[in-house]
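Contents: one structure, followed by commentary.
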Amino acid sequence: MLNCCVDINQVKQTGITFSTFACLAKCQGLNTSPVYGTDSTVEEFRTTVKAACSNENPTSFLIVSYTRQVIGQTGTGHFSPIGAFDESSDHVLVLDTARFKYGPHWVPLQLLFDALLPEDSSTGKSRVANGSVHS
């Protein structure tokens, strides 16, 4: 699926930014609606998570780009989809795409939002709080 927007060897060496992720999604016939963490609030993020997990729009997915260290994990920037939201505990289910390292795990919504705020050194912007992907 990495057949456009970026050279596969570059991905292996440096990873990708959210803008490259959005380009790759577009090559696969999808649209993205990125919202950077610093352009959002925790309340707006919570509303977005609730909407993405409500099953009202089953062709829409929420992808977050976050800083692993903030949630106590090893590594740096990472992309993963959100699988569920537990409103009573205010936790988000992160479906980690690196299952060999971390399986699906629940994260307090506030902590995940905090992990969206640090600047990505390769873009000079915060991470993406709302990377809605839809067909």
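The values are calculated or read from the model by the stated rules, or taken from the named source; none is laboratory data. Just so you know, these numbers come straight off a predicted model, no measurement behind them. Methodologically, a virtual Cβ is constructed for each residue, glycine included, from the backbone with ideal geometry; neighbour enumeration extends over all protein chains shown. With ligands, DNA and RNA removed, areas are computed over all heavy atoms of the protein, side chains included. Shrake-Rupley method; radii C 1.70, N 1.55, O 1.52, S 1.80 Å.
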Might you work out the accessible area of HIS91 for me, using a 1.4 Å probe with all protein chains in place, and round it to the nearest 10 Å²?
50
Using a 1.4 Å probe on the protein heavy atoms, what percent of the accessible area of the range 12-114 belongs to carbon and sulfur?
53
Angle, helix 18-27 long axis vs. longest principal axis of the chain, Cα atoms, 0 to 90°, nearest 10?
70
With axes computed from alpha carbons, what is the tilt in degrees of helix 42-52 against the longest principal axis of the chain, rounded to the nearest 10 within 0 to 90?
80
Given the DSSP H assignment, sum -39500 (n - 2.57) over each helix run of at least 4 residues in the chain and divide by its residue total; what's the result at 222 nm in deg cm²/dmol, nearest 500?
-7000 deg cm²/dmol
Where chymotrypsin sites (Phe, Trp or Tyr not before Pro) fall in DSSP loop in the range 32-110, at most 16 other Cβ within 10 Å
PHE100
For ILE8 and LEU95, what does the FRET efficiency come to when R0 = 22 Å and r is the distance between their Cβ atoms, rounded to the nearest 0.05?
0.40
Considering only protein heavy atoms, what is the solvent-accessible area of ILE16 at a probe of 1.4 Å, reported in Å² to the nearest 10?
50
I'd like the accessible area for GLU87: 1.4 Å probe, protein heavy atoms, all chains in place, Å² to the nearest 10.
120
